[in-house]
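First comes the structure, then the notes that go with it.
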Amino acid sequence: MFFGITDIWTYVLGAFFIILLPGPNSLYVLATAAQRGVRQGYRGAAGVFLGDTVLMVLAAAGAASLLRSTPVLFNVVKYAGAAYLAWIGFQMLRGAWRSWRAGETAEAVAAPETALEDPFRKALVISLMNPKAILFFISFFIQFVDPAYGTPALPFLILGAICQLFSVLYLSALIFGGTFLAGQFRARRKLSAGLTSGVGALFIGFGARLATATLGGP
């Protein structure tokens, strides 16, 4: 046992591969960096970090047990999250369709709307509604903490730091990768619209997955 963590290396490997799985957080940060640059990409990433931290604190405070013991509350949370993710997906599909139809004028039309969005705030909400993160912190995260350990906050802090380290490295790679892809897509408006459509469809899929999620696991 390592500071109240029952099997730290299993957790490290599990967290690493779970973070690498595509999810709403990573796709939103990638899309933001591609559309608005590194600085705005990191604003979105900061929202993700804060959202994940909130979920970690809630899991450590016993919110996971509360959700497990109150199916109605869990259903309210998951359906609200599913609806929000699906709404984002439909917005992306609509924007991609407009870009496809408008061609070169799409950038001029879409720019004012995009400029008004706050990547930090939107990424924070996406993170809090992220089905992968919710199921991770409810079903996986808390399993590695020994409830009999004298200082229960310490193992949660260590597990959270490991998770956030992986997240920082992964999102940083996506941000710089996204800015590179932006240059490739600027001259290919229809290809860019097709990519946005794919991301929007994935968001709808994430919403559907959250709507059908159970407390037994992902």
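The values are calculated or read from the model by the stated rules, or taken from the named source; none is laboratory data. Please read these numbers as outputs of a predicted model, since none were measured by experiment. Cβ placement follows ideal geometry from the backbone for every residue including glycine, while neighbour counts extend to all protein chains displayed. Just so you know, the surface numbers come from the protein's heavy atoms only, side chains and all, with ligands and any DNA or RNA stripped out. Shrake-Rupley method; radii C 1.70, N 1.55, O 1.52, S 1.80 Å.
Quickly run through the range 1-35 and pick out the residues that are over 18 Å from the mean Cα position of the chain (by Cα) and farther than 14 Å from F140 by Cβ. Steps first, please.
First, the residues of the range 1-35 that are over 18 Å from the mean Cα position of the chain (by Cα): 1-13.
Within the range 1-35, M1, F2, F3, G4, W9 qualify.
In the range 38-55, the residue that is farthest from C163 (Cα to Cα) out of those that are touching a Gly at 6+ places or on another chain (Cβ under 9 Å) and surrounded by fewer than 23 Cβ atoms within 10 Å (Cβ to Cβ) is V38.
Of all the listed residues (A106, A133, A96), the sole one being closer than 19 Å to G205 by Cβ, open to solvent by less than 20 Å² (accessible area, probe 1.4 Å) and modelled with pLDDT under 70 is A96. Scan the range 148-165 residue by residue and report those that are touching a helix residue (DSSP H, G or I) at 6+ places or on another chain (Cβ under 9 Å) and not in a helix (DSSP H, G or I). Matches in the range 148-165: Y149, P152. Run F16 past the list (1) under 14 Å from V168 (Cα atoms); (2) aromatic (F, W, Y); (3) surrounded by 21 or more Cβ atoms within 10 Å (Cβ to Cβ) and report the number of the one that doesn't hold. Just one mismatch for F16, condition (3).
Identify, please: which residue in the range 147-170 is at pLDDT 90 or above and of a type in the set (G, A, S) and is, among those, farthest from V54 (Cα to Cα)? Only one residue tops the list, namely S167.
Per the conditions (1) in a helix (DSSP H, G or I); (2) at pLDDT below 85, the sole criterion not satisfied by L50 is (2).
Looking only at the range 6-37, residues that are within 14 Å of C163 (Cα to Cα) and not in a helix (DSSP H, G or I) come to 1 in all.
The numbered conditions (1) touching a Phe, Trp or Tyr at 6+ places or on another chain (Cβ under 8 Å); (2) open to solvent by 20 Å² or more (accessible area, probe 1.4 Å); (3) closer than 20 Å to Y28 by Cα are all true for I175 except (2).
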